[in-house]
Each structure stands twice: as C-alpha cells, then as structure tokens.
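Below: one structure, written as structure tokens.
The values are calculated or read from the model by the stated rules, or taken from the named source; none is laboratory data. Here the structure is a predicted model, which is why all the values come from computation and not from measurement. Cβ coordinates were reconstructed from backbone atoms using ideal geometry, including for glycine residues, and neighbour counts include every protein chain displayed.
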Amino acid sequence: MTERHVQCSTCGVLRPEGESRNIPTLAGEPYVDGYYCSAHAGAALDAARAHLAALDFEDDTRDDMMPLVSFHALVRARGLMSETLDPPAPGVGMERVRNEALALLDLLRHTRLPIVEPSALCSGCYRPVPASQVRVIPWFNDDLADFVTTFRCGDCVADSLADTRARLTAGGPREVGRLAEFFHRHAITIHEHRRGDPPEAVRPLLELTLEHLVRGTLKLQLGETVPLNDVLSAAAPAPPPAPSPEPAAEPPLAAAEPRPAPSLWQRIRRAFGRAGD
Ligand SMILES: [Zn+2]
Ligand SMILES: [Zn+2]
C-alpha cells in the first residue's frame with residue numbers, strides 16, 4: 001500500500017509521512033498534534049517556544065497553566081518524558097515545568113514524535129491520510145443513482161467536489177432531493193427541503209453548502225460509515241476541535257456562534273503571520 005501522506009498545516013501540501021513532522025500546536029487552550037512539512041516544522045517549533053516562554057503564571061486573570069500541562073501530557077503520550085532530560089531543567093515550581101517544556105521542544109528539533117491517529121483512505125488517489133485530515137464529501141454513485149459518503153485527501157477534494165457540483169447543476173429535482181437527504185444524514189438539515197419547498201428554492205442552498213465544504217468552513221464528520229470517532233478519541237487525547245455541522249441551512253452558515261475574544265495564542269500567531277488556522 002502507498003505510504004501514508006500527511007498534509008502540512010502551513011502550506012497545505014501533502015507529503016509522505018516520512019517527510020512530515022508532528023509538532024505540538026496550540027488549538028485554543030490545549031496543545032494537540034500538529035502536522036508540518038520539513039520546511040515549516042521549524043517555524044511551528046519557534047511558535048510553540050514563543051508561546052510557552054510568554055506564559056504568565058503570576059497573572060490570576062489568565063489560566064496559563066492549562067496549555068503548559070496539556071503540552072506535557074501530549075508529548076508524554078507520544079513517548080517524550082521530561083524525566084529523561086539530561087541535565088535536568090533548572091528552576092522550581094511552574095518555572096521548572098516551563099523550562100522542561102522548552103528543553104523538550106529543543107529536543108524536537110532532532111527527534112520525531114510519532115503520528116498515532118488512525119488512517120482513512122482517499123477514494124480518489126488511494127493514499128491513506130490521517131483520519132483527522134480526510135475530507136468527507138458527497139459523491140454521486142451512478143449504480144445507486146444517489147449521493148454517497150466518500151473520503152478525499154486535501155489534493156483530491158477540490159476536483160471531486162467540482163464533480164459533485166456539476167452533477168447537481170446538471171441534475172433535476174431528483175438530484176436536488178437526494179443531495180438534500182445526503183446532508184440530512186450528516187446532521188445538516190435543509191429546512192426548505194424538509195418542508196417541501198420546490199427544488200428551485202432548495203438548489204441554491206445546496207450550492208451554498210457545497211461551497212462551504214470546498215472552502216473547509218464546513219466539515220462533515222467521518223460518522224457512522226466508519227466508527228473512527230471512538231478510536232480517535234482513545235488514540236488522541238486532544239484532537240483538534242472540528243467545527244460542528246450547522247444544524248440549519250439558513251445562510252450564512254458561519255453566523256451561529258459568537259466568536260470568543262482572541263486568545264493569547266491567536267494573538268501570537270497573528271504576530272507570526274499565521275492568522276486563520
Ligand atoms: Zn509546509
Ligand atoms: Zn487523494
């Protein structure tokens with residue numbers, strides 16, 4: 001089988017796992033596995049180091065212990081222990097814990113953390129990718145004459161979604177209904193379809209939903225077809241938070257939840273020119 005391919009969080013390029021790095025990356029409060037190509041791993045390490053170095057344990061208005069604790073839990077679960085540091089990190093209390101984290105980050109410039117999550121196979125190019133990176137999309141199956149769930153890697157998703165859009169554009173009321181039912185099975189209910197509005201009213205909502213899938217602002221879960229969610233939560237204690245599918249189709253899809261104020265990490269990432277991911 002083809003070697004697993006991993007998509008870099010910075011440049012979006014898929015590369016063989018052997019050319020990819022797992023660098024602890026802050027996602028909100030906790031540190032999680034972050035995947036990068038060799039060219040961008042250094043910047044990810046620098047960003048983690050800058051964040052950990054700037055944590056303020058004296059400020060009671062902020063909980064800066066949580067990210068530090070999650071960092072240690074993550075790298076420990078991947079096999080990197082602070083007890084193995086030689087010489088031991090200096091300092092006492094939380095300062096020592098921080099210095100241990102910084103020393104472990106320095107080790108990561110020469111040491112690889114494993115990528116432990118399960119794989120999912122892209123049905124376009126047949127390369128396995130980490131399950132958290134696979135894109136779940138509707139695909140028209142001619143034998144079934146219906147839209148079915150299929151998986152695509154980051155390289156294949158755009159072309160495949162273009163095919164699905166073309167199928168919707170060329171299709172009639174039946175295709176409109178089948179695609180609306182596909183999204184309903186993925187917990188995205190298009191109210192206008194459920195209450196029996198004509199296909200002309202439902203079609204633009206489906207096109208909008210597909211547009212959100214293309215842009216990645218909407219992500220379908222791997223779901224019942226592959227019982228990976230349990231495996232994922234067992235294997236990866238802190239998977240990146242996936243945006244929950246919008247329950248209704250009232251556009252715009254992104255208007256549901258108020259955005260929290262930017263975290264320290266988000267501000268740091270902006271300072272590094274890494275806003276948006
Ligand atoms: Zn890259
Ligand atoms: Zn692919």
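Selection of segment 1-12 for residues being within 13 Å of ligand 1 (Cβ to nearest atom) and surrounded by fewer than 16 Cβ atoms within 10 Å (Cβ to Cβ) yields CYS11, GLY12. Considered as a group, the residues in segment 144-200 that are part of a helix (DSSP H, G or I) and among the small types (Gly, Ala, Ser) include one that is nearest to ligand 1 (Cβ to nearest atom), and that residue is ALA158. Within segment 189-206, if we keep just the residues that are of a type in the set (Val, Ile, Thr) and buried (at least 20 other Cβ atoms within 10 Å of the Cβ), the residue that is farthest from THR164 (Cα to Cα) turns out to be ILE190. Scanning segment 206-233 for residues that are among the aliphatic types (A, V, I, L, M) and either at pLDDT below 90 or within 16 Å of PHE147 (Cα to Cα) (or both) turns up LEU206, LEU210, LEU213, LEU220, LEU222, VAL226, LEU228, VAL231, LEU232.
Within 16 Å of ligand 1 (Cβ to nearest atom) and not in a loop (DSSP other than H, G, I, E, B): does that describe LEU45? For LEU45, the condition - within 16 Å of ligand 1 (Cβ to nearest atom) and not in a loop (DSSP other than H, G, I, E, B) - is met. Taken over segment 1-11, the criterion of being in a loop (DSSP other than H, G, I, E, B), of a type outside the set (D, E, K, R), within 16 Å of ligand 2 (Cβ to nearest atom) and at pLDDT 95 or above is satisfied by CYS8 alone.
Within segment 15-29, the residues that satisfy the criterion of being touching a Lys or Arg at 6+ places or on another chain (Cβ under 9 Å), more than 10 Å from ligand 1 (Cβ to nearest atom) and part of a strand (DSSP E or B) are PRO16, ASN22, LEU26. Considered as a group, the residues in segment 120-143 that are in contact (Cβ under 8 Å) with a residue 40 or more places away in the chain and closer than 13 Å to LEU161 by Cα include one that is nearest to ligand 2 (Cβ to nearest atom), and that residue is ARG135. Do we have SER70 as in contact with a strand residue (DSSP E or B) (Cβ under 6 Å, 6 or more places away or on another chain), surrounded by 15 or more Cβ atoms within 10 Å (Cβ to Cβ) and either within 24 Å of THR10 (Cβ to Cβ) or at pLDDT below 95 (or both) here? Yes.
Being within 29 Å of GLU117 (Cα to Cα), assigned to a helix (DSSP H, G or I) and among the hydroxyl-bearing types (Ser, Thr, Tyr) is the requirement here; does THR209 meet it? First the steps, then the outcome.
Working: within 29 Å of GLU117 (Cα to Cα): yes; assigned to a helix (DSSP H, G or I): yes; among the hydroxyl-bearing types (Ser, Thr, Tyr): yes.
So THR209 fits the description; yes.
The set of residues in segment 128-172 being buried (at least 19 other Cβ atoms within 10 Å of the Cβ), closer than 23 Å to PRO118 by Cα and aliphatic (A, V, I, L, M) consists of VAL129, ALA131, VAL134, VAL136, ILE137, VAL157.
Residues in segment 30-42 that are hydrophobic (A, V, I, L, M, F, W, C) and either not in a strand (DSSP E or B) or not assigned by TED's automatic domain parsing to the domain that holds ARG76 (or both): ALA39, ALA41.
Scanning segment 30-42 for residues that are touching a strand residue (DSSP E or B) at 6+ places or on another chain (Cβ under 7 Å) and within 16 Å of ligand 1 (Cβ to nearest atom) gives ASP33, GLY34, TYR35, TYR36, CYS37, SER38, ALA41.
Go through the residues of segment 3-17 one by one and say whether even a single one is in contact with a Phe, Trp or Tyr (Cβ under 9 Å, 6 or more places away or on another chain) and without any contact (Cβ under 8 Å) to a residue 60 or more places away in the chain. Scanning segment 3-17, I find at least one residue that is in contact with a Phe, Trp or Tyr (Cβ under 9 Å, 6 or more places away or on another chain) and without any contact (Cβ under 8 Å) to a residue 60 or more places away in the chain, so the answer is yes.
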